[in-house]
Amino acid sequence: MRLVLLGAPGSGKGTQAARLKSDLGVPHISTGDMLRAAVKAGTPVGLKAKAVMDAGKLVSDDILLAMLEERLAQADAKAGFILDGYPRNLAQAAALDDLLARIGKPLSAVVKLDVPNETIIGRCEIRFAAEHRKDDNPEVVRDRLKVYAEQTAPVADFYAQRGKLQVVDGVGALDEVTARVKRALAAAA
Ligand code: AMP
């Protein structure tokens, strides 16, 4: 299973990916988690990415693609993956298509978690209070939602045009949302 989870920040991609990975037997690959780890470790990528992430903007496509290629080359990704946070714009979607075409392993499914902005803002406030992620600060969340609408929403259209997109209602109890995603994956198989 090679799955892309799409959705706005706070739509539950990470939470759902963590619940699905053992069922699907594939790793959860979150580009946001990888970047946060790089920032924490003070690597060259982390040093470049920190200010951009804190401002809620997108880190450069070159950095992301290099990071992703390296991660997908690891042994555990041979069985597939759940991608969370990538692609974030059309250039990244095209780069992912190219990369997967080169290895002859196209995406199996793309699932978008649909959550209204008011719910997103509330969820990010709760996460800000719990985890103190700078980019969950309400002002930055508004900027992230703008970046999402302008740059990431077209990615859903990109996959819809290719007949790959499944949209799932991301509001409700965690178990219910997980069940909806599983139903969408069964329908895509
Ligand atoms: P996330 O945890 O997915 O919300 O990502 C946190 C932050 O990491 C984003 O707001 C971006 O600054 C950066 N980031 C994560 N994934 C990407 C990506 N695919 N392209 C560019 N920036 C990214």
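The values are calculated or read from the model by the stated rules, or taken from the named source; none is laboratory data. Bear in mind that the values here come from a model prediction, so they are computed numbers and not experimental data. So basically every Cβ, Gly included, is an ideal-geometry build from the backbone, and we count neighbours across all protein chains shown. Areas reflect the complete protein model, heavy atoms only, side chains present, ligands, DNA and RNA absent. Shrake-Rupley method; radii C 1.70, N 1.55, O 1.52, S 1.80 Å.
Is it the case that residue 16 is farther than 26 Å from residue 179 by Cβ, among the polar types (S, T, N, Q) and either more than 10 Å from the ligand (Cβ to nearest atom) or modelled with pLDDT of 95 or more (or both)?
no
Considering every residue within region 164-172, establish whether at least one is surrounded by fewer than 18 Cβ atoms within 10 Å (Cβ to Cβ), over 25 Å from residue 94 (Cβ atoms) and at pLDDT below 95.
No: region 164-172 contains no residue that is surrounded by fewer than 18 Cβ atoms within 10 Å (Cβ to Cβ), over 25 Å from residue 94 (Cβ atoms) and at pLDDT below 95.
Just give me the residues in region 88-99 being in a helix (DSSP H, G or I), in contact (Cβ under 8 Å) with a residue 24 or more places away in the chain and surrounded by 16 or more Cβ atoms within 10 Å (Cβ to Cβ), in sequence order.
92, 93, 95, 96
Starting from region 62-87, take each residue that is assigned to a helix (DSSP H, G or I) and list its partners that are among the aromatic types (Phe, Trp, Tyr) and within 9 Å of the ligand (Cβ to nearest atom), counting only C-beta distances under 8 angstrom and pairs at least six apart or across chains.
From residues that are assigned to a helix (DSSP H, G or I), the pairs are 64/86; 68/86.
With respect to residue 26, determine if the residue is open to solvent by less than 50 Å² (accessible area, probe 1.4 Å), more than 10 Å from the ligand (Cβ to nearest atom) and either of a type in the set (Ser, Thr, Tyr) or assigned to a loop (DSSP other than H, G, I, E, B) (or both).
Numbers: open to solvent by less than 50 Å² (accessible area, probe 1.4 Å): yes; more than 10 Å from the ligand (Cβ to nearest atom): yes; either of a type in the set (Ser, Thr, Tyr) or assigned to a loop (DSSP other than H, G, I, E, B) (or both): yes.
Here the answer is yes, as residue 26 does meet what is asked.
Would you point out which residue out of 38, 51, 109, 95 is at pLDDT 95 or above, within 21 Å of residue 154 (Cα to Cα) and within 11 Å of the ligand (Cβ to nearest atom)?
Only one candidate qualifies: 95.
Restricting to region 56-78, and then to whatever is open to solvent by 60 Å² or more (accessible area, probe 1.4 Å) and among the hydrophobic types (A, V, I, L, M, F, W, C), can you tell me which residue is nearest to the ligand (Cβ to nearest atom)?
73
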